[in-house]
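Written out below as structure tokens is the structure these notes cover.
Computed from the coordinates by the stated procedures, all read-outs in this text should not be read as laboratory data. Here the structure is a predicted model, which is why all the values come from computation and not from measurement. Cβ placement follows ideal geometry from the backbone for every residue including glycine, while neighbour counts extend to all protein chains displayed.
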Amino acid sequence: MYDIIIIGAGPAGLTASIYACIARKKVLILEKGVYGGQIVNAHNIKNYPGFEEISGYDYATKLYSQAKNLGPDIKFEEVIDVFDNKDAKEVKTIKGNYFGKSVIIATGATNRKLGLNNEDKLLGKGISYCATCDGIFYKDKTVAITGGGNSAIDDALYLSNIVKKLYVIYRKKDFRIESVNLDKLKEKDNVEFILDTNITDINGEEKLESITIKNNETNEEKELKVEGLFIAIGHIPVSDMCNNIIKTNESGYIIANEDCTTNVDGIFVAGDIRIKEIRQLTTACSDGTIAALNACKYLSKK
């Protein structure tokens with residue numbers, strides 16, 4: 001029987017394990033893939049306190065090493081279900097069942113992809129899903145961003161203050177959002193809107209060289225020379241394993257309080273998987289801290 005079972009070995013989950021282990025709790029970390037989560041794909045990080053500059057892989061490796069050295073059990077197994085058995089929580093993986101007095105869900109969310117050739121190959125070599133993480137590397141360069149939601153517009157405005165030229169590509173004829181930032185973006189001289197258009201190809205061998213776009217009405221294709229492409233078409237929360245007992249919104253994000261508690265006593269949530277306005281490396285680590293300390297507080301009352 002574990003004191004705390006942590007599902008997910010990204011920044012939120014690993015931070016939670018550090019605090020839980022320091023509190024001398026028996027901890028199990030379950031991760032279906034590789035440690036680090038999405039941050040592993042970040043070419044460089046310049047906005048995390050304590051590091052002027054560090055790659056996502058190096059940061060994740062340092063964090064994983066720090067967590068591992070504190071002695072939690074770590075198993076690379078995919079979780080397929082979570083049960084609340086009152087006295088214990090049961091976590092079912094593809095290899096077996098584990099029992100804990102409490103659970104922290106830190107499974108995060110995956111970037112929604114365009115599904116085009118070279119998208120994965122050129123990740124970190126011109127392709128990015130995080131403007132605030134990677135935008136600085138495209139200072140005075142020509143880039144494009146695709147997406148039409150509030151997050152995409154916010155990212156576009158951020159990029160417009162950094163890059164030389166920005167193409168904003170959206171698949172519909174107009175934006176169906178009300179945003180002050182959209183109005184500000186339309187006033188920018190270095191921003192060009194390309195609407196009713198999809199990206200059909202990502203071109204380049206060793207790095208991004210251009211993208212091919214196609215107008216939905218005319219079917220006209222055009223090649224844009226860009227050094228960066230930011231994809232901001234949303235995220236997919238990884239919450240399927242707990243939908244039977246944990247309340248989520250219509251998109252699948254877990255409903256939780258700021259103390260990271262869920263609707264089930266003893267089950268906590270941390271990181272990008274929960275409903276929140278800001279999803280950054282710092283906020284993921286903050287959630288991990290809060291979830292772990294509140295799990296410890298929960299255990300002290302048992």
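Residues of the range 263-302 falling in the label zone of Asp87, defined by backbone nitrogen less than 16 Å from a point 7 Å along Cα to beta-carbon, are 302.
Pairs over the 18 Å Cα-Cα cut-off, from the set Lys186/Lys222; Lys164/Lys225; Lys25/Lys68; Lys25/Lys86; Lys125/Lys276; Lys25/Lys302: Lys186/Lys222; Lys25/Lys86; Lys125/Lys276. Taking 22 Å as the cut-off for C-alpha to C-alpha distance, list the pairs among Lys139/Lys173; Lys141/Lys172; Lys62/Lys89; Lys32/Lys89 that go past it. In this structure, Lys139/Lys173; Lys141/Lys172; Lys62/Lys89 exceed 22 Å between Cα atoms. Annotation for Lys247 and Lys95: the two label points, set 7 Å from Cα along the Cα-Cβ direction, are 3.5 nm apart.
How do Cys296, Cys21 rank when sorted from fewest to most other Cβ atoms within 10 Å of their own Cβ?
Working: Cys296 18, Cys21 21.
Exposure proxy ranking, most exposed first: Cys296, Cys21.
Summarising the label geometry, the points placed 7 Å from Cα in the beta-carbon direction at Lys46 and Asn219 lie 4.4 nm from one another. Between Glu258 and Ile136, the contour length at 0.36 nm per residue exceeds the Cα-Cα span by 40.9 nm. Among the cysteines of the chain, Cys21, Cys242, Cys260, Cys285, Cys296 have no other cysteine beta carbon within less than 4.7 Å of their own.
Quick check: net charge around Glu258, other residues with Cβ under 10 Å of its Cβ, Lys/Arg +1 and Asp/Glu -1? If you can, show how the numbers build up before the last one.
On the way: positive: Arg274, Lys276; negative: Asp259, Asp287.
Overall, the nearby charge balance is 0.
If contacts are Cα pairs under 8 angstrom and at least 6 residues apart, what is the relative contact order of the chain in percent? The value is 21 percent. The fewest-to-most ranking of Lys297, Lys86, Lys165 by surrounding Cβ atoms within 10 Å reads Lys86, Lys297, Lys165. Take every DSSP beta bridge whose two residues both sit in the range 127-231; close to 40 percent of them are antiparallel. Taking only the C-alpha atoms of the range 127-231, the Rg (one decimal) and the largest Cα-Cα distance, Dmax (whole number), read 12.9, 39 Å. Does a label point 7 Å from the Cα of Asp201, set along Cα-to-beta-carbon, have any residues of the range 101-117 with amide nitrogen under 17 Å, and which are they? Answer for this model: 115-117. If you model the chain as an ellipsoid using its alpha carbon gyration tensor, with each semi-axis the square root of five times an eigenvalue, the axes come out at 39, 19, 17 Å, biggest first.
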